[in-house]
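What follows is a set of notes on a single structure, which appears directly below.
The values are calculated or read from the model by the stated rules, or taken from the named source; none is laboratory data. From a predicted model like this one, the values you see are computed outputs, not experimental measurements. We place every Cβ from the backbone using ideal geometry, glycine too, and count neighbours over all the protein chains shown. Each accessible area value is taken on the protein alone, full model and side chains, heavy atoms only, with ligands, DNA and RNA left out. Shrake-Rupley method; radii C 1.70, N 1.55, O 1.52, S 1.80 Å.
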Amino acid sequence: MNIFSMLCCHLDRFLLIVLLVIPDCSSFSVSNRNHPTPKPKILPITTRHEEPTILSLSNVFTHEEVDDILQLVESSALNPTSTYQEDVFSIEAWDAEDAILRKIVQPLLDDGTIPPNHSADSAEKEAALRSFVYAVTNHPDRIAQDDIIVGANIIQRREAIERWKSDEGLSIMKLSMDYDMMKEEGDTLDIDWDVISLGKRYEVPPELLDKIEHVIPTVLNGGTSWTTTDATIVKYQEGDLQVPHIDPCDATLLICLQPCMEGGSTCFPLLDPPRRLENARGDGYLFFSSQATGRERNVLSLHHGGRVVKGDKIVMQLMLEYNGNGDEDLQRNLMSKQVVRN
């Protein structure tokens, strides 16, 4: 069975692997926020693909507006998102977690409660985690509740790594158009996990969301029927990328605040032919992860952020959910009249 067929047959299962995001229950309804009504704005739009619909929007923000947004971003102490596991492949994060686990179990190591065969001082890769699990299983009264939660989160992250390294996860990773992350192992291609570094995600500050959320009714007809279920700023440094995934929403609005000098394109590897879409300052892409009708996820919307080769890249991402009639054709009937198709 080829990769595309496998993705279609096991979409629900793959979503558990593909999505690094688990959005929380909070959302930002356009109709419930108190931002001023903006002046109507005509947005030139180009259709890049029909099914799934991928649209490029010019001048979502002017350069002056981008400057204001970036100034706010730089002046704010951005909070890293808690619903993403962006450091899932990070060796530094793994080492830091091991240090945390060793600190938690150190009193039990010092008094000999943890036997040598479960010692966190071993050079084995999972030694610290093994000590923690032994301590929680056999001496839960010696571990603080907060430390148990910290350890559980570490376990969850490492389980995510194992899912990516499963046969299904590898199949998805190999869809990436960043071919330099693959290496030959005999007659097969494998993933070079050591070269994977992901962009860092941050919550969009509420005051910034107030400034940008009016874009939604500008782009999409029935704007107040759309809910922003997730709003993030993603910063990529040289070498960073994003793994192939499907967004858990009806539509995604991706706006470039700062393009990098080389690389960093938005890639759709399952399209025929595969597409690399370049990012330009103030411009955006609107694409639909739901089918045109029926609201089922469209496997062809799988995408990833290409590796940044030179410079830094900053994008803003809004995940949108439609709250109107589920039978409506999301992709064709709901485009705002203020959008001009090329």
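For Ser76 and Glu278, calculate 0.36 nm times their separation in residues minus their Cα-Cα distance, and state this gained length in nm to one decimal. Walk me through the numbers before you get to the answer.
Numbers: separation 202, 0.36 × 202 = 72.72 nm, distance 2.76 nm.
My answer for the length gained is 70.0 nm.
Work out the FRET efficiency for Asp192 and Glu296 from their Cβ-Cβ distance, taking R0 = 30 Å, and round it to the nearest 0.05.
Working: r = 34 Å, r/R0 = 1.13.
With a Förster radius of 30 Å, E is 0.30.
Protein chains only, probe 1.4 Å: how do Lys211, Lys103, Lys183, Lys310 rank by accessible area, largest first?
Lys103, Lys211, Lys310, Lys183
Going through the cross-link list Lys103/Lys235; Lys235/Lys310; Lys125/Lys310, which pairs have a Cα-Cα distance over 24 Å in this structure? Write out the running numbers ahead of the final one.
On the way: Lys103/Lys235 31 Å; Lys235/Lys310 13 Å; Lys125/Lys310 33 Å.
Beyond 24 Å: Lys103/Lys235; Lys125/Lys310.
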